[in-house]
Every structure is written in C-alpha cells, then in structure tokens.
Amino acid sequence: LVSRDNHPERSTIRVGGVPIGPGTVTLIAGPCAVETPQQTLQAAEMAKAAGATLLRGGAYKPRTSPYAFQGLGEAGLRILADVREQTGLPVVTEVVDAHDVELVASYADMLQIGTRNAQNFALLQAVGGIGKPVMLKRGMNATIEEWLMAAEYIAQRGNLDIVLCERGIRTFETATRNTLDVSAVPVAQRLSHLPVIIDPSHSGGHRDLVLPLTRAAIAVGADGVIIDVHPQPEQALCDGPQALVDGDLEELADVMRRFPALL
Ligand code: PEP
C-alpha cells in the first residue's frame, strides 16, 4: 500500500489544510514538550515567525528515564488546542499508547509515532483506524524496509495519510545524539509514494547542528522538517540543548524561504 510500485506519483498529505509533499518544504516547529500555556504560545509564535505552518509539541513524552518529565497528558493536549485557536497553526503531537489514540486524536490534527514506538504494531494499527494523518518516525534501530513495513501496518487499516520522518539512527558515533541518515530520504522516496521529512533536532541533539542539518534535508529533497524551538531552553523540561532560540529564527526563516535555490 505504501510502495511506489502501484502508486508511481508521490503523494501529498494535508494536515488541517497544510500540504506536505513534493514541490514544497513544510516547516513544523514548536516545543519538544508542552510545559505551560505561556511557554507553548511563545514557542508557537516563534515557530510562526520562522515560517512554520504546523505546530509540534509533546503532551505525552516517551523518556528514557522514568524519573524524567513525562509530559502533561490531556492537560497538555488542551493547551495545544488553545494555542491552535490563538495562532491558527494545526497541531502535531505524539501518542505513545494505543489506549490514548482516540483521546489524542480528538485534540490533534496529526498524530506522531515516535522512534521508540516505531514497531509497536498495536499502536500503529490503532492510529491506522482513527482517520487522522500520521507522522511515523523511523525507529532508531530500524532499516528503511522495517520503517516502510511499519507504515504498511497503518495503511492496512485504511489510512494512507502517512508522513515518514527520518530522525537519526544509532551508530558508533557519540558526537551527535543519533546519526542523521540523509540517504534515507531519497531511498524512502524511491520505494514509497509517501512524503519524507527530517527531524534535525532529535537526530543531532545540539542547537548548532539544526540549521546545517536543515540545509542538508532540503538539499537531499526532504518534503519538510520538524524543529524544536523554546523561548527559554535553559529552563526546558525536555531536550533544551537542541531547541532553537529567538536569535536563530531569522536564519531558519531565510533557509526556508530560499529552499528552491538550494536544490
Ligand atoms: C519528539 O519528536 O518529541 C521525539 C521524542 O522524537 P523521537 O521519537 O524522534 O525521539
């Protein structure tokens, strides 16, 4: 279903009216985690100023440590819905448990499946049946074939509104959090008709890498990027070191505006 064999044209997916697909580079930006109404609104305004047309923000955070901030849950979803009202930006947010899919879908415009749940087949089937677009991150240990098969689980339930997101894979390298596999973009686009985007924030894990990796994403033909921004990253409850700050927004906006010239 997700293969390009029976569907040679590349697909465009619409999220609250915003297209993700060939011919455009969609910017999705916002806080890694929803912390407070004010922080989320400020981050959304930063995202919008940089040219974002979709807002990201996690209300359910899949953290490595059970002692780390786990997200605000439904209270976070309510904040995202309020900020959508205030900014007009449709909301992309992660769901980590099959039991929460209906609840998250009642607030979100797009459901995100994170790298740690990329082969959680019950969750993939649940989002496949809910009738909302899905962003499927690549498992950090998944081959491209495994990633596409995970997408197939969603598609099998009747949902072809899927965007693939390369977010870095595990390698021996420790200078970056994960290794961004830029070659995954053209390979996945050759094998599948689904749009493919890149997450330069979670792959690099460092603010300084986000803009260079965004340029790389655009140069390699990605259909979009998803980027963390935070008004006060030093106080962030999750992944502060990778969040772009106010001073980075102009350059990000410039990179996004000039994308056709980079091709
Ligand atoms: C995220 O985007 O909030 C996230 C946790 O990403 P990943 O699943 O790629 O680590």
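The table that follows gives values for the structure above.
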| read-out | value |
| --- | --- |
| Highest average packing first - 169-178, 148-157, 94-103, 196-205, Cβ atoms within 10 Å | 196-205, 148-157, 94-103, 169-178 |
| Where Rh is the Kirkwood radius over Cα pairs, Rg/Rh for the range 120-263 | 0.99 |
| Dipole of the chain [Lys/Arg +1, Asp/Glu -1 at C-beta], most positive-end residue of Thr36, Val104, Gly17 | Gly17 |
| Spatially proximal aspartates and glutamates relative to Lys48 (Cα-Cα < 16 Å; intrachain offsets below 8 disregarded) | Asp82, Glu85, Asp228, Asp246, Asp248, Glu250, Glu251, Asp254 |
| Phi-based couplings in Hz for the range 41-46 (Karplus 6.51, -1.76, 1.60; Gly and Pro marked x) | 5, 4, 5, 5, 5, 4 |
| Charge dipole of the chain about the Cα centre (unit charges at C-beta), most positive-ward option of Thr93, Val127, Pro195 | Pro195 |
| For the chain, size of Cβ-based charge dipole, Lys and Arg +1, Asp and Glu -1, in debye | 380 |
| Ile227 long-range amide H proximity, modeled H, under 5 Å | Ile28, Ala29, Gly30 |
| Using θ = phi - 60° and Karplus 6.51 cos²θ - 1.76 cosθ + 1.60, couplings along the range 194-203 (whole Hz; Gly, Pro as x) | 6, x, 10, 10, 10, 10, x, 7, 6, 6 |
| Backbone HN-Hα couplings from phi across the range 178-188 [Karplus 6.51/-1.76/1.60, Hz, Gly and Pro as x] | 9, 9, 5, 9, 5, 5, 4, 5, x, 5, 5 |
| Value of relative contact order over the range 152-263, rounded to a whole percent, pairs C-alpha under 8 Å and six or more apart | 22 |
| Relative contact order (%) - criterion: Cα under 8 Å, at least six apart; region: the chain | 22 |
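Values in this text are rule-based calculations from the coordinates and carry no lab data. Predicted model only: the values in this text are computed from it and were never measured. Heads up, the Cβs are rebuilt from the backbone with ideal geometry, glycines too, and the neighbour counts pull from every protein chain shown.
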